[in-house]
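All remarks here apply to the structure that follows.
The values are calculated or read from the model by the stated rules, or taken from the named source; none is laboratory data. Everything quoted here is computed from the prediction, not taken from an experiment. Cβ atoms come from the backbone with ideal geometry, glycine included; neighbour counts cover every protein chain shown. With ligands, DNA and RNA removed, areas are computed over all heavy atoms of the protein, side chains included. Shrake-Rupley method; radii C 1.70, N 1.55, O 1.52, S 1.80 Å.
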Amino acid sequence: MTANDGADARRPVNPYLLLTLTMVLWGCAFSSSKSMVAEVPHSVAALIRFGGAALALLAVLTVLGRGKPATVAPGAARRAAAAGVLGVFAYNGFFFWGLSLAPSLDAGILIPVMSPVLTSAYLLVRGRDRASRQRLAGLGLGVCGAVVFFVGAGGGAGGGGTRLAGDALFLLSAVCWAAFTLAGPRVMAGIEPLRATTYATCAGALLLGLLAVPDLPDVRWSTLPVGVWLNAVYLAVGAAAVANLFYYRAVAAVGPAAASLMMFTVPVVNTACGTLLLGEAFGILQGAGAMVLLSGAVLAVISAARRRPALGIDEGPRPRRVPMGRRHSRRRR
């Protein structure tokens, strides 16, 4: 083995490859989670997914961390656990509850498309990014598309109050995920991605377990089909443990705004899975709203990508640039 071979072995994986794999795993997880909710209460389904993920991550951390000192900065473990409360517990509490009321197609549009819109809007409001006409137009289209989508949810294609309530819960999930993404670089400061993912998943799974306690006696575990358990393994290991680890690594490398760009691939994967595997469908009005929402979100986020390719907008505190005039005025004082 040559020195070049060793350098190649240590070369980090492309973060955009990690993001692509993450989005495929997440895109398939919407329909998988919907089929899980059909067999067990939504709170139990969430616990199965992330309780299993927590066990898998703890096992991996134990094996890989054996004999190695933990590199955790002060407060980093607490930040990772707090992120798990938001990105695992709150997000999935709303998500699985919504799946018990609405199709997975709705979740696959609202969550991955609204999350970048909300992330972009937050950065603009907080002054961490500059507005442009193109970006504002995209955000406006996104809001209009979301309104049309919700109106359609209350109409055709199996719509009604139940589906509308489920979509509202998906929107709350998108809010949680946008906040989780924005906090990602700060969470990753001073802690390894695997350890941060494990702490976040364990904290969220613990709270999901408390939420599921009242529903656990209602589950007839011995009668669950084998397919349910295979699905649970996929959701826990692939769509939760592996995908979240990949996402943490990628957000730490490219920043939250660039990571949010990749979320637009999730609706494509999810729509294929939902229609082919579950037979779900959009109504005409809801489908039109989804197209407007997706177009607006792409326009809003792509405009930022053109102006700032790295898009590391919220990657922690940075020294502030003081305009020349202000520097002179400070010296006079």
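Which one of these is modelled with pLDDT under 90, open to solvent by 50 Å² or more (accessible area, probe 1.4 Å), part of a helix (DSSP H, G or I) and among the aliphatic types (A, V, I, L, M): Leu17, Leu55? Write out each step before concluding.
On the way: Leu55 fails: modelled with pLDDT under 90.
On inspection, the qualifying residue turns out to be Leu17.
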Next item on the list: Within the range 243-272, track down each residue that is buried (at least 20 other Cβ atoms within 10 Å of the Cβ) and of a type in the set (Val, Ile, Thr).
Entry: Val251, Val254, Val266, Val269, Thr271
Next item on the list: Output the residues belonging to the range 215-224 that are without any contact (Cβ under 8 Å) to a residue 60 or more places away in the chain and either part of a helix (DSSP H, G or I) or touching a Cys at 6+ places or on another chain (Cβ under 6 Å) (or both).
Entry: Pro217, Trp221, Ser222, Thr223
Checklist line | Exclusive hit being over 12 Å from the mean Cα position of the chain (by Cα) and more than 12 Å from Thr22 (Cβ to Cβ), set Val242, Val269, Val237 | finding: Val237
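The rows are residues; the columns are (1) more than 26 Å from Pro74 (Cβ to Cβ); (2) among the acidic types (Asp, Glu).
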{"position": "Leu182", "(1), (2)": "no, no"}
{"position": "Thr223", "(1), (2)": "yes, no"}
{"position": "Ala241", "(1), (2)": "yes, no"}
{"position": "Phe264", "(1), (2)": "yes, no"}
{"position": "Gly274", "(1), (2)": "yes, no"}
{"position": "Leu277", "(1), (2)": "yes, no"}
{"position": "Glu280", "(1), (2)": "yes, yes"}
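Quick one: in the range 237-257, of everything that is modelled with pLDDT of 85 or more and of a type outside the set (A, V, I, L, M), which residue is farthest from Tyr199 (Cα to Cα)?
Of the residues in the range 237-257, the ones modelled with pLDDT of 85 or more are 237-239, 242-243, 246.
When the remaining residues are screened for being of a type outside the set (A, V, I, L, M), the result is 238, 246.
Numbers: Gly238: 17, Phe246: 15 Å.
Ranking the candidates gives Gly238 first.
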Margin query: Within the range 158-185, take every residue that is out of contact with any Asp or Glu (no Cβ under 9 Å at 6 or more places or on another chain), among the aliphatic types (A, V, I, L, M) and open to solvent by 30 Å² or more (accessible area, probe 1.4 Å) and give me the one that is modelled with the lowest pLDDT.
Written below: Leu164
Check: Could you say which residue among Ala212, Ala232, Ala203 is in a helix (DSSP H, G or I) and within 17 Å of the chain's Cα centre (by Cα)?
Finding: Ala203
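Go through the range 225-241 residue by residue and tally those that are open to solvent by 50 Å² or more (accessible area, probe 1.4 Å), touching a residue at least 40 places away in the same chain (Cβ under 8 Å) and not aromatic (Phe, Trp, Tyr). Outline the logic, then answer.
Here is the first cut: in the range 225-241, the residues open to solvent by 50 Å² or more (accessible area, probe 1.4 Å) are 225-226, 229-230, 233-234, 237.
Of the ones still in play, those that are also touching a residue at least 40 places away in the same chain (Cβ under 8 Å) are 225, 233-234, 237.
Still in the list and also not aromatic (Phe, Trp, Tyr): 225, 233, 237.
Of the residues in the range 225-241, 3 are open to solvent by 50 Å² or more (accessible area, probe 1.4 Å), touching a residue at least 40 places away in the same chain (Cβ under 8 Å) and not aromatic (Phe, Trp, Tyr).
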Notebook entry, point to check: What are the residue pairs meeting all of these: first residue in the range 20-49, first residue of a type in the set (Val, Ile, Thr), second residue assigned to a loop (DSSP other than H, G, I, E, B) and surrounded by fewer than 24 Cβ atoms within 10 Å (Cβ to Cβ), Cβ atoms under 7 Å, and 6 or more apart or on different chains?
Noted result: Val37/Ser100; Val40/Val219; Val44/Val219
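Is one or more of the residues making up the range 212-223 touching a Leu at 6+ places or on another chain (Cβ under 7 Å), modelled with pLDDT under 90 and buried (at least 20 other Cβ atoms within 10 Å of the Cβ)?
Narrowing the range 212-223 to residues touching a Leu at 6+ places or on another chain (Cβ under 7 Å): 212.
Adding the requirement that they be modelled with pLDDT under 90 leaves none.
Among the residues of the range 212-223, not one is touching a Leu at 6+ places or on another chain (Cβ under 7 Å), modelled with pLDDT under 90 and buried (at least 20 other Cβ atoms within 10 Å of the Cβ), which makes the answer no.
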Next item on the list: Can you work out which of the residues in the range 101-132 that are out of contact with any Lys or Arg (no Cβ under 9 Å at 6 or more places or on another chain) and not in a helix (DSSP H, G or I) is surrounded by the most Cβ atoms within 10 Å (Cβ to Cβ)?
Entry: Ala131
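Could you list, in sequence order, the residues of the range 189-200 that are on the phi < 0 side of the Ramachandran plot and either assigned to a loop (DSSP other than H, G, I, E, B) or in contact with a Leu (Cβ under 7 Å, 6 or more places away or on another chain) (or both)?
Within the range 189-200, the first condition is being on the phi < 0 side of the Ramachandran plot, and the residues that meet it are 189, 191-200.
Answer for the range 189-200, where residues must be on the phi < 0 side of the Ramachandran plot and either assigned to a loop (DSSP other than H, G, I, E, B) or in contact with a Leu (Cβ under 7 Å, 6 or more places away or on another chain) (or both): Ala189, Glu192, Pro193, Leu194, Arg195, Thr197, Thr198.
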Notebook entry, point to check: Can you name the number of the only condition in (1) surrounded by fewer than 24 Cβ atoms within 10 Å (Cβ to Cβ); (2) modelled with pLDDT of 90 or more; (3) in a helix (DSSP H, G or I) that Phe95 fails?
Noted result: (1)
